[in-house]
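These notes are about the structure you will find just below.
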Amino acid sequence: MTRSNNFPPGPSGHWLQGNLPEYRRGRLQFLERIRAEYGTIASYRLGSIPVVLVCEPQHLREILVTNNKSYGRSISTRMLSEFFGNGLLISEGERWLRDRRIIQPTFAKEHIEQFADCMVRRTSDCIELWNQGDRRDALLDMQSLTMSIAAETLLGVKLHEEVAAIHDPHEIIRGHFDYRMEHLWVTPRWIPTRHNRKVNAAYHAIRKIVDDLIAKRKNEHQSGTDILSRLIQIQRSQAHAMTDQQLRDQVLTFLFAGHETTASLLGWVWWLLGKFPDVANRLHDEIDDTLQGKRPTIADVPKLRYTDKVIRETLRLFPSAYVMGRQALEDTHLGEYDIPRGTNLVISPWLMQRDSRFWDHPLDFDPDRWTDSTQKTMDQFAWFPFGAGPRICIGKAFAMLESVLIVATIASRFNLVLPSNQAIEPHASVTIRPSPGVQVICHERTSFRKEFSPARLETTL
Ligand code: HEM
């Protein structure tokens, strides 16, 4: 099928660049305009690449769930393979199925629950460095914290100075992807321009850290139940089953997919709690009542229901993965429109989760909208920050548990207050981040002081 008259409607754009200039000025505003002006199936063009934006639940179900085999990874997802190689996020077909089956047991409920202790310990270590009145960038703190938790729980490696060493190269690579997404033509990486030299050095730095981690684990000869152990065992027992390159791809995938999304989410949580002190007060009350001054454990998680609502509501308004891409593998139809093979499709939790078809006052931050019946009655695609169907986020339960425990551990001790006049905007990059970060001022909470006061410590000594 070639592009027919029955292709979804959209703005014509520049003859060469299509709608790239507007997309580049602000991806979220651009998507909002296309949806508002052209409806729930609309098209636009990034250079010569036609893209269809799909916002109808029945079509999303078809693409992600019922007919998912007819849709592959999109051009933009495949672009990430420059960094993640053929890791779980990118791979397709038999290869993806095999890897997902190998890795899935690490994310079984009973297994994830064992990580709770590490999640709380690492968070306590992180806030140990915070003092009354300190001004901090909560987004940066959440990035380091979630990366060290992902490394320790999923890969069985403790990161120390590596976390800081990874930060700058990671930012360079993220900026490189933004640039690639927004430009028609980029100089091939082997041409030593200033930009390419910087990006290549960043790749090299991260690969070196990851290769050293893998080598260290291989030398330990200890087998565990983390992903890296499983993959090393397979590499040892089945010759040719997995190359060193494939092993590295998976480690990179879990190190980065496993922290960036959750860190962005938590950055938004601290910002929203700072903006809405009434919500923060209720959250603190729940945490104080539940924890009674102790550190949270896995047994407390089901009781932290308001905390869970705050996280769900934050993910509704600021879904870290604000778009997902697919490519039609065969000629098909969505509703009345023809979709030729090769068409790139964009699905946007950002648009769907702020849609008045599904939510009253969709732009209000209202954790109370999450009643017991909300999840039972809402459309599957009114809230799907972790995707849907066979390629649903493997780390969904991990991320929800980690977020509840991090928020409870920090909020039991600190009230994070926003300095006045802090202007923050959603920046749509690989994830949607609060930009330029979330400055907070740490206020120690008295309930914590009671628990950890010298008098109390004396009795325990
Ligand atoms: C708030 C946190 C997170 C959000 C919003 C999120 C979102 C998503 C989404 C939307 C997808 C599906 C993409 C698609 O269908 O194209 C996905 C896939 C994936 N996520 Fe997450 N994620 C989060 C946390 C995590 C964590 C903690 C991990 C690792 C522990 C992780 C690892 C992955 C992997 C490996 C995939 C690819 C799965 C596959 O294709 O089989 N994510 N994530």
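The values are calculated or read from the model by the stated rules, or taken from the named source; none is laboratory data. All of these numbers come straight from a predicted model, not from anything done at the bench. So basically every Cβ, Gly included, is an ideal-geometry build from the backbone, and we count neighbours across all protein chains shown. We work out accessible area using only protein heavy atoms, side chains counted, and drop any ligands, DNA or RNA first. Shrake-Rupley method; radii C 1.70, N 1.55, O 1.52, S 1.80 Å.
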> Is it the case that segment 224-241 has a residue that's open to solvent by less than 50 Å² (accessible area, probe 1.4 Å), within 18 Å of Phe83 (Cα to Cα) and not aromatic (Phe, Trp, Tyr)?
Replying inline: no
> Is it the case that some residue within segment 144-155 is surrounded by fewer than 16 Cβ atoms within 10 Å (Cβ to Cβ), charged (D, E, K, R) and more than 15 Å from Ser403 (Cβ to Cβ)?
Replying inline: no
>> Among the numbered criteria (1) within 24 Å of the chain's Cα centre (by Cα); (2) in a helix (DSSP H, G or I); (3) not charged (D, E, K, R), which one does Gly325 miss?
In response: (2)
>> Anything in segment 34-43 that is assigned to a helix (DSSP H, G or I) and either among the aliphatic types (A, V, I, L, M) or farther than 19 Å from Gly325 by Cβ (or both)? List them, or say none.
In response: Ile34, Ala36, Glu37
> Residues in segment 47-61: is at least one within 12 Å of the ligand (Cβ to nearest atom) and within 24 Å of Arg207 (Cβ to Cβ)?
Replying inline: no
> Can you find even one residue in segment 318-335 that is among the polar types (S, T, N, Q) and touching a Gly at 6+ places or on another chain (Cβ under 9 Å)?
Replying inline: yes
> How about segment 414-439: which of its residues are free of Cβ contacts under 8 Å to residues at least 24 places away in the same chain and more than 11 Å from Gly274 (Cβ to Cβ)?
Replying inline: Asn421, Ala423, Glu425, His427, Ser435, Pro436
>> I'm trying to understand the selection: among the residues of segment 25-63, which are touching a Lys or Arg at 6+ places or on another chain (Cβ under 8 Å) and modelled with pLDDT of 95 or more?
In response: Ala42, Val51, Leu53, Cys55, Ile63
> Checking Gln58 against (1) surrounded by fewer than 16 Cβ atoms within 10 Å (Cβ to Cβ); (2) under 18 Å from the mean Cα position of the chain (by Cα); (3) of a type in the set (S, T, N, Q), which single condition isn't satisfied?
Replying inline: (2)
> Which is of a type outside the set (A, V, I, L, M), at pLDDT below 95 and surrounded by 21 or more Cβ atoms within 10 Å (Cβ to Cβ), of Ser74, Ser81, Ser12?
Replying inline: Ser74
> Which of the helices (runs of 4 or more DSSP H) contained wholly in segment 348-448 include at least 1 residues that are surrounded by fewer than 18 Cβ atoms within 10 Å (Cβ to Cβ), on the phi < 0 side of the Ramachandran plot and within 16 Å of the ligand (Cβ to nearest atom)?
Replying inline: 396-413
>> Which count do you get for residues in segment 261-291 that are within 16 Å of the ligand (Cβ to nearest atom), buried (at least 22 other Cβ atoms within 10 Å of the Cβ) and not aromatic (Phe, Trp, Tyr)?
In response: 8
>> Could you go through segment 302-314 and let me know if any residue there is part of a helix (DSSP H, G or I), free of Cβ contacts under 8 Å to residues at least 40 places away in the same chain, open to solvent by 10 Å² or more (accessible area, probe 1.4 Å) and over 30 Å from Val417 (Cβ atoms).
In response: no
> Thr66 is checked against (1) open to solvent by 50 Å² or more (accessible area, probe 1.4 Å); (2) in contact with a Leu (Cβ under 8 Å, 6 or more places away or on another chain); (3) among the hydroxyl-bearing types (Ser, Thr, Tyr) and fails just one. What number does that condition carry?
Replying inline: (2)
>> Pull out all pairs, ordered by first then second residue, where Cβ-Cβ is under 8 Å, the residues are six or more apart or on different chains, the first lies in segment 333-352 and is touching a residue at least 24 places away in the same chain (Cβ under 8 Å) and under 9 Å from Pro8 (Cβ atoms), and the second is open to solvent by 30 Å² or more (accessible area, probe 1.4 Å) and within 16 Å of the ligand (Cβ to nearest atom).
In response: Leu334/Glu62
